[in-house]
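Q: Attaching a single structure in structure tokens format; questions to follow.
The values are calculated or read from the model by the stated rules, or taken from the named source; none is laboratory data. Note that the coordinates shown come from a computational prediction; the quantities given were computed from them, not determined experimentally. Methodologically, a virtual Cβ is constructed for each residue, glycine included, from the backbone with ideal geometry; neighbour enumeration extends over all protein chains shown.
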Amino acid sequence: MKRILGRRLSQLATSFSNGSCVKPLLKMPSFDYTPLPYDGPTAGEILKKRSEFLSPSFFHFYKKPLNIVEGKMQYLFDEEGRRYLDAFAGIATVCCGHCHPEITEAIISQTKKLQHSTVLYLNHAIADFAEALASKLPGDLKVVFFTNSGTEANELAIMIARLYTGCHDIISIRNAYHGNASGTMGSTAQKNWKFNVIQSGVHHAQNPDPYRGVFGSEGEKYARDVQEIIEFGTSGQVAAFIAEAIQGVGGIVELAPGYLPAVYKTIKEAGGLFIADEVQSGFARSGSHFWGFQAHGVTPDIVTMAKGIGNGIPLGAVVTTPEIARVLTRRNYFNTFGGNPVCTAGGLAVLRVLEKERLQQNAFVVGSYLKDGLKLLQEKHDIIGDVRGRGFMLGVELVTDRQLKTPANAEILNVMELLKDMGVLVGKGGFYGNVFRITPPLCFSKEDADYFLEVMDIALSKL
Ligand code: PMP
């Protein structure tokens with residue numbers, strides 16, 4: 001691969017430096033679909049309404065925001081029928097691909113039969129999905145609570161941990177994102193997303209970031225900070241430690257190896273629970289494993305999930321052990337729509353499709369191929385400071401100085417625009433906002449990866 005890709009990249013570099021290359025050498029992989037004619041409002045009209053009637057905190061990608069009107073598998077179409085390769089929406093929503101026919105059909109067919117609240121009557125959809133989901137988790141993790149979002153799932157997980165342990169203190173990691181309601185905002189410590197509202201009993205531990213962290217990849221050294229927080233910042237007992245195995249919003253940061261097992265031991269000694277936030281890294285995305293935490297050899301007490309679980313419909317879940325789950329019987333616990341028949345029918349179809357289309361294997365094979373290609377680009381372009389992640393959860397950090405790791409904030413915006421102009425959409429994040437988040441739907445193909453790499457090479461060469 002190195003040879004083939006290397007040759008292609010050098011061809012590209014030559015044609016580009018000649019000034020002859022305004023378009024990638026390869027065309028976007030062919031895709032047999034013609035978008036429907038669009039006669040709705042224009043991008044400008046929508047933007048105007050949005051500014052007037054929606055939250056002033058809304059933001060958008062690109063100087064001229066895209067009006068996306070259709071999605072099919074790993075592709076999106078704008079109002080003019082132009083096709084884009086979507087290298088981000090896998091995280092934002094769709095793990096199996098936009099409008100996947102089998103999942104869409106499951107949702108529509110359940111909608112035509114029944115939509116209702118969750119607990120009052122029996123319905124097979126919620127029970128079938130809970131059973132299937134539990135079968136994907138290790139150990140005694142077999143009781144499922146459904147929610148409507150990742151925030152709600154983490155709120156519930158934190159509440160359960162507090163009730164179960166009788167303690168209040170929560171430890172999370174700096175640069176983490178866990179949600180936007182009061183408890184989860186407490187645990188969130190991502191610079192750009194953190195609102196500093198009342199958040200009692202939450203402590204943020206040093207981030208075991210192999211690229212920027214002081215101890216590099218020595219996970220056990222970072223874990224000492226958790227021990228110190230417990231000794232000096234709490235009564236010696238904690239409710240829970242919550243972490244993403246691969247920080248998503250934080251810029252695709254894989255926790256340094258050895259960190260989670262060491263913290264797990266410390267947390268257990270302090271009577272706490274380990275909550276794994278799998279909202280981004282779950283559902284086969286990391287390729288090597290179905291859940292991100294599995295790469296670290298630890299089994300959490302509570303696992304939370306959302307986003308990809310429903311392939312675009314609002315759905316989240318908390319999975320825990322029967323013993324821990326019992327704390328919610330102390331009062332009535334009820335979530336009006338969490339686990340409703342329509343969403344759980346969709347969720348069950350997602351698990352079926354992941355299996356049938358061998359999407360975890362695809363994430364592993366194509367994701368590794370893509371990562372190798374990005375590493376080659378790193379050899380060629382000094383601006384790439386780091387390439388990291390696994391499967392289809394990859395990060396490319398841009399820096400203007402490799403030694404100082406100075407965030408390339410202006411440059412990343414320029415590259416993003418160029419990528420979009422060549423038909424590739426990618427996400428952005430990280431503590432400094434200088435990391436490309438490459439998290440496509442899991443059906444992203446090797447041809448898509450080739451196209452992505454070529455376009456990225458051209459865009460970086462233009463800087
Ligand atoms: N946890 C993680 C790791 C997330 O990335 C997010 C969303 N970005 C959430 C929780 C919150 O999920 P939601 O937006 O569905 O509330």
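Q: Taking the options P322, P261, P300, P257, name whichever one is assigned by TED's automatic domain parsing to the domain that holds I158, surrounded by fewer than 24 Cβ atoms within 10 Å (Cβ to Cβ) and under 20 Å from the mean Cα position of the chain (by Cα).
A: P257
Q: Oh, and also: Cβ-Cβ below 7 Å, separation at least six or inter-chain, first residue in region 132-153 and touching a residue at least 12 places away in the same chain (Cβ under 8 Å), second within 13 Å of the ligand (Cβ to nearest atom) and hydroxyl-bearing (S, T, Y): which pairs?
A: Taking only residues 6 or more apart or on different chains, the pairs are G150/T304; T151/T184; A153/T147; A153/T304.
Q: Ok, one more. Here is a list of conditions, (1) within 16 Å of the ligand (Cβ to nearest atom); (2) of a type in the set (S, T, Y); (3) surrounded by 16 or more Cβ atoms within 10 Å (Cβ to Cβ), and S182 meets all of them except one; can you say which number that is?
A: (3)
Q: Could you say whether any residue in region 347-361 is of a type in the set (A, V, I, L, M, F, W, C), closer than 30 Å to K113 by Cβ, buried (at least 18 other Cβ atoms within 10 Å of the Cβ) and within 14 Å of the ligand (Cβ to nearest atom)? Let's see the steps before the verdict.
A: Of the residues in region 347-361, the ones of a type in the set (A, V, I, L, M, F, W, C) are 348-351, 353-354, 359.
Still in the list and also closer than 30 Å to K113 by Cβ: 348-351, 353-354, 359.
After this cut, where a residue has to be buried (at least 18 other Cβ atoms within 10 Å of the Cβ) as well, the list is 348-351, 353-354, 359.
Next, from what is left, pick out any that are within 14 Å of the ligand (Cβ to nearest atom): none.
No, every residue in region 347-361 fails to be of a type in the set (A, V, I, L, M, F, W, C), closer than 30 Å to K113 by Cβ, buried (at least 18 other Cβ atoms within 10 Å of the Cβ) and within 14 Å of the ligand (Cβ to nearest atom).
Q: Also: Only one of these conditions is not met by A256: (1) in contact (Cβ under 8 Å) with a residue 40 or more places away in the chain; (2) within 16 Å of the ligand (Cβ to nearest atom); (3) part of a loop (DSSP other than H, G, I, E, B). Which number is it?
A: (2)
Q: Go through (1) touching a Ser or Thr at 6+ places or on another chain (Cβ under 9 Å); (2) more than 14 Å from the ligand (Cβ to nearest atom) for K307 and report which single condition fails.
A: Single failed check for K307: (2).
Q: Out of curiosity, is T147 in contact with a Leu (Cβ under 7 Å, 6 or more places away or on another chain), β-branched (V, I, T) and surrounded by 16 or more Cβ atoms within 10 Å (Cβ to Cβ)?
A: So T147 passes the test.
Q: Write out, first by first residue and then by second, each pair whose Cβ atoms fall under 6 Å of each other, whose residues are 6+ apart or on separate chains, and whose first residue, in region 400-422, is in contact (Cβ under 8 Å) with a residue 40 or more places away in the chain while the second is assigned to a loop (DSSP other than H, G, I, E, B) and among the charged types (D, E, K, R).
A: Once the first residue is in contact (Cβ under 8 Å) with a residue 40 or more places away in the chain and sits in region 400-422, its partners that are assigned to a loop (DSSP other than H, G, I, E, B) and among the charged types (D, E, K, R) give L418/K462.
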